[in-house]
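Written below as structure tokens is the structure these notes are about.
Quick note: the coordinates plus some simple rules give every number you see, no bench work behind them. Only a predicted model underlies this, so the values are computations on that prediction, with no experimental measurement involved. A quick note on method: Cβ atoms are made from the backbone with ideal geometry, for glycine too, and the neighbour counts reach across all protein chains shown.
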Amino acid sequence: MNILSASNTRYVISLAIIVIILLAVTLPLYIEINSLKDEISKIHNDISTLNANSQQLSNSISQFNSSIIQLNMAYKNLENRYNELLKQFSSLSESIKYPITITDALGRSVTIVSKPTRVVSQAPSITEILFAIGAEKYIVGVDQFSDYPPIVKDLVKNGTIKITGGFSTVNIEAIVALKPDIVFMTPGVQTPFVYRLAELGITVVALKEDSVSDVFDSIMLVGRILDKVDNALNVLSTMKNKITYAFTKVENYIKLNNITRIKVYWEVWPEPIYTVGSKSFINDMITLAGGINIFSNITSGYPVISSEEVINKAPDVIISSDHGGVYGTPQDVLNMIRNRTGWNTIPAIKNNRVYVLTGQFGSMFIRPGPRVADAILQLAIIFYPNAFNMSISSIPNIISAPFNVTTYISPLIIS
Amino acid sequence: MNVSYIQSKYSRLIFSVIILFILLIIISILSISIGSSFINVSIAIKALIDPSEVNQTIKIIIWDIRIPRTLSGIFVGMLMALAGLYMQTITLNPLADPYLTGMASGALLGVSIVIVLSPIIFGPYIITISAFLGAITAMIITLTIASKFRLDPIGLVLGGIAVSMIFYSFSAILQFIGGEKMVTIIIWSLGSLTTASWQRTWFVFITTLILLPPSLLMYKQLNALLLGDENAQTTGINPKITRLISLIVASIATAVTVSMFGVIGFVGLISPHLARLTLKSGDHLLVLPLTCLIGSIIILLSDTIARIIGSPGEFPLTPIMSLIGAPLLLYLMGRRWKHG
């Protein structure tokens, strides 16, 4: 009996301790949940405005059926955004008065106390933005994939710029060691690192990158933060001119010849097959270049789809990247796409309109940076070569250099 | 069981604990001074003793990044090893690990739901909370199923497998729908101490502080479980209640860890075995402290290596841990066979 009662006491003690444990675990959790309440209600508001917006959008879309009007809309939206930004920033005084408070892509409110002079860029597209607006001398750290403009690699080699990790493997210690005034990152995979760096007292800004107008916004935001508003406006105007040029050419060509817009299938990755949905800037680029993304009905950014679905949608043009050599040479990638079972019925394959974008040229199509305008122009040429006084047969299947259109427009010069 | 045998058992424990403790301290100091930006050990120690003497950046790197990370590693190792030991004792199964009740799949589903279905904006705590809720939900379902079978080991193991499968399937479907968001989920599921902040360190520290003492207090009951239910009852111990309490302790340890640092596997499975092989005993009073110590060492060592070889980025924790731990286990097994 003694033994029994002794172990019973132990059970009671153990149970009491369990209760304390439960309290200790649930109490901080409760506090965390409370702090989240505000955020959730904010998200609720966002969702309801989003719902209202999408309702409006679907109504207006149902009114227009002709494909040319859709193209017009995509362009008009971008133009409106551009004009808005122009109005907003042209009225700004000569130089920025710090401190400034901005809202970033994650909805965080960030205050920049003084003009940043030590900048870390954690994505290749952001590095390109920094160079384009003439803020390259502020860069102290970049991610390991930043390679454009090519001088970045030299600067890394001679130690002027340090590497601060990859894209999904951000090296927090390396960033802290650089003592940056500001770190630019992307939402998505990098989100946990944004919060962790902010916790360590580092100013972090996540930049939007889901559409071409997001790219416009991000360029202006970076320009404002680094007191390079004028340069950013110049970049934007050059970009807008290029897009307008491409759009006008394509629009006239479609109207004149009374043809329908071509259907485009964009392959991001072959196994499993990833393509682009409507929530990607690539979808925007395709639309602005006059094409129709066959998977624009999918609302996520980069969905996985089945091979059959591509056959069903019968695209006129197929575009793929070289996948960084994982699937062999660009020629191998081309053959892989051409030889897929059942794909020989697809118009793009029958008419020899499969294109692999490779090298430094290919990188402009996957980075939501200043080169999206060049990418749109190049895509317009690939989609409608006739509109630019070229023939379909003059477009090679493996494209490694831009088509020359400098006679019409000055290229975006990155010093 | 004569006196000299008991003495040798305890002296072996004390000897191992002292050796491993010294090892733990050495690895801790190494893990504080080794990282992407290498800090001289003497400077690291100086920063530890008197932070005002070193410059601000080194102070932040050491005090706000590496020390929380090292401490988190120590406590996470203890919690996971403890949970693993409990699960193995409860189920009398040497292959049991802390995720036996489907908590890894549950947490994975929680995280998948949040990442895939929510709008892109999520706060710093939402992943932690969803993982915790997912893990606890899976555990409660498994427990409910197992309680229909009087909580016996087979009911627990099979119930856990079923629940785990179901949760895993749902999260796999969600990952597939999520497209590129899959990467975020997979990286999370491999476990990492990158997210260790002081707040999280306090969290795992307090959990360890609460869970360890009652665990040591329960060593007799746990030992009795090893004898099987009938024999346990003859020693005056209720196996069902003991199992329930142990299960809850293990589950809390696992849920807290998994929600903070992702699915950290392997350490829970291997630490108890390493401790038993070292002590040549199954007595929980001896095995438990050593298991915790070994767990800490494995996590800390793996995390340091993951940081070094993953540079400039960082490798996930679980694969590195398996690569270090599995050969160690084979070595100890080989020694045991050799000596009979």
Legend entry - Projected label distance in nm at B:L277 and A:E39, using a 7 Å step from Cα toward the beta-carbon: 4.3
Inset, instruction - Let me see the pair-distance distribution of the range A:219-261: every alpha carbon pair, 10 Å bin width, integer percents in order. - result: 28, 29, 20, 17, 6
Legend entry - For the range B:5-339, the fraction of alpha-carbon pairs in successive 20 Å shells from zero, as %: 31, 57, 13, 0
Inset, instruction - Could you check which residue among A:L334, A:L29, A:L85 shows the biggest mean-square fluctuation in a GNM of chain A with a 10 Å Cα cutoff? - result: A:L29
Inset, instruction - Report P(r) for the range A:238-399: all Cα-Cα distances, bin width 10 Å, range 0 to the bin holding the largest distance, values in whole percent. - result: 11, 42, 38, 9, 0
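So for A:M364, B:M103, fewest C-beta neighbours within 10 Å to most, what's the order? Don't skip to the answer; put the middle values down first.
Numbers: A:M364 22, B:M103 32.
Fewest-to-most Cβ neighbours within 10 Å comes out as A:M364, B:M103.
Is the shape of the range B:133-226 rounded, prolate or oblate, going by the alpha carbon gyration tensor and its root eigenvalues a ≥ b ≥ c, with a/c under 1.5 for rounded and a/b larger than b/c for prolate? Could the numbers behind the result be given before it?
Working: a/c = 3.19, a/b = 1.22, b/c = 2.60.
Judged from the Cα gyration tensor, the range B:133-226 comes out oblate (a/c at least 1.5, b/c at or above a/b).
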Inset, instruction - Any chance you could check the Cα centroid distance between the range A:149-206 and the range B:263-340 for me, in angstrom? - result: 33
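Rounded if a/c is under 1.5, else prolate if a/b is larger than b/c, else oblate: which is the range B:1-103, with a ≥ b ≥ c the root eigenvalues of its Cα gyration tensor?
Working: a/c = 4.20, a/b = 1.71, b/c = 2.46.
Oblate.
At 20 Å minimum axial length over the Cα atoms and a Kyte-Doolittle cut of -1.0, report the qualifying DSSP H helices in chain B, or say none. Could the numbers behind the result be given before it?
On the way: long enough: B:3-33 (45 Å, 1.87); B:67-91 (36 Å, 1.20); B:126-147 (31 Å, 2.10); B:153-178 (37 Å, 1.76); B:198-217 (29 Å, 1.09); B:239-261 (32 Å, 1.47); B:284-309 (37 Å, 1.94); B:317-339 (33 Å, 0.59).
Qualifying helices: B:3-33, B:67-91, B:126-147, B:153-178, B:198-217, B:239-261, B:284-309, B:317-339.
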Inset, instruction - Find how many whole Å separate the alpha carbon centroid of the range A:96-133 from the alpha carbon centroid of the range A:222-281. - result: 24
Inset, instruction - Give me the distance between the Cα centres of the range B:217-250 and the range B:49-113, rounded to whole Å. - result: 27
Inset, instruction - Within the range A:382-406, find all residues whose amide N lies under 15 Å from a label point positioned 7 Å from the Cα of A:K350 along Cα-to-beta-carbon. - result: none
Inset, instruction - Describe numerically, in nm with one decimal, the distance between label points set 7 Å from Cα along Cα→Cβ at A:Q360 and at B:L216. - result: 6.5
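With a ≥ b ≥ c the root eigenvalues of the C-alpha gyration tensor of chain A, is it rounded (a/c under 1.5), prolate (a/b larger than b/c) or oblate? List each step's numbers first, then the result.
Numbers: a/c = 1.86, a/b = 1.48, b/c = 1.25.
Prolate.
Quote to one decimal, in nm, the extra length available between B:I308 and B:F176 on full extension: 0.36 nm per residue of separation minus the C-alpha distance between them.
On the way: separation 132, 0.36 × 132 = 47.52 nm, distance 3.21 nm.
Here the answer is 44.3 nm.
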Legend entry - Order of A:I282, A:I259, B:I210 - criterion: other Cβ atoms within 10 Å of each residue's Cβ, fewest first: A:I259, B:I210, A:I282
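Select from chain A the helices, each a whole stretch of DSSP H, whose alpha-carbon atoms run 15 Å or more along the helix axis and whose Kyte-Doolittle mean is at least 1.0; answer none if there are none. Don't skip to the end; give the middle numbers.
On the way: long enough: A:2-63 (86 Å, 0.47); A:67-90 (34 Å, -0.58); A:212-225 (20 Å, 1.19); A:229-257 (41 Å, -0.15); A:372-383 (16 Å, 2.21).
Length and hydropathy pass: A:212-225, A:372-383.
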Legend entry - Cβ-derived FRET efficiency at R0 30 Å, A:L23 paired with B:L23, nearest 0.05: 0.25
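Tell me the mean residue ellipticity at 222 nm calculated for chain B from its helices only (DSSP H runs of n ≥ 4, each -39500 (n - 2.57), averaged over every residue, nearest 500). Spell out each step's value before the answer.
On the way: 15 runs with 254 residues, N = 340.
Mean residue ellipticity, 222 nm, calculated: -25000 deg cm²/dmol.
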Legend entry - Percent of beta bridges antiparallel (DSSP, chain A, rounded to nearest 5): 25
Inset, instruction - Specify the residue with the greatest mean-square fluctuation among A:Q144, A:Q55, A:Q122, computed from a Gaussian network of chain A linking alpha-carbon atoms under 10 Å apart. - result: A:Q55
Inset, instruction - Using a Förster distance of 30 angstrom, determine the FRET efficiency expected from the C-beta separation of A:S95 and A:L50, and round it to 0.05. - result: 0.25
Legend entry - Stokes-Einstein D in µm²/s, Kirkwood radius over Cα pairs - the range A:262-332 at 20 °C with 1.002 mPa s viscosity: 174
Inset, instruction - Round to the nearest 0.05 the FRET efficiency obtained for A:K87 and B:L190 when R0 = 51 Å and r is the Cβ-Cβ distance. - result: 0.60
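Can you give the mean number of other chain Cβ atoms that lie within 10 Å of the Cβ atoms in peptide A:162-174?
Details: counts 3, 4, 3, 6, 4, 2, 6, 10, 4, 10, 9, 15, 7.
Shielding by partners across A:162-174 averages 6.
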Inset, instruction - Give me the distance in nm between label points sitting 7 Å out from Cα along the Cα-to-Cβ direction at B:F15 and B:Y331, one decimal. - result: 1.8
Inset, instruction - Would you look at the GNM of chain B, springs on alpha carbons closer than 10 Å, and say which of B:G84, B:G102, B:G325 moves the most? - result: B:G325
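For chain A, what does the relative contact order come out to in percent, with C-alpha contacts under 8 Å and a separation of six or more?
On the way: 602 pairs, mean separation 57.3, N = 415.
Taking the mean separation of contacting Cα pairs over the length of chain A, I get 14 percent.
What order do you get for A:S125, B:S281, A:S91 when you list them from fewest to most C-beta neighbours inside 10 Å?
Working: A:S125 27, B:S281 16, A:S91 7.
Least to most surrounded, the residues fall as A:S91, B:S281, A:S125.
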Inset, instruction - Express in nm, to one decimal, how much length is gained between A:T329 and A:F403 on full extension, taking 0.36 nm for each residue of separation and deducting their alpha carbon distance. - result: 24.5 nm
Legend entry - Averaged over B:211-220, number of beta-carbon atoms from partner chains that fall within 10 Å: 3
Legend entry - Residue-span extension gain [A:I69 to A:I13] - 0.36 nm each, minus C-alpha spacing: 12.7 nm
Legend entry - Compactness of the range B:70-157, expressed as Rg and Dmax over alpha-carbon positions, Å: 15.2, 45
Inset, instruction - Starting from the eigenvalues of the Cα gyration tensor, five times each then square-rooted, give me the equivalent ellipsoid semi-axes of the range A:95-227, largest first, whole Å. - result: 20, 17, 15
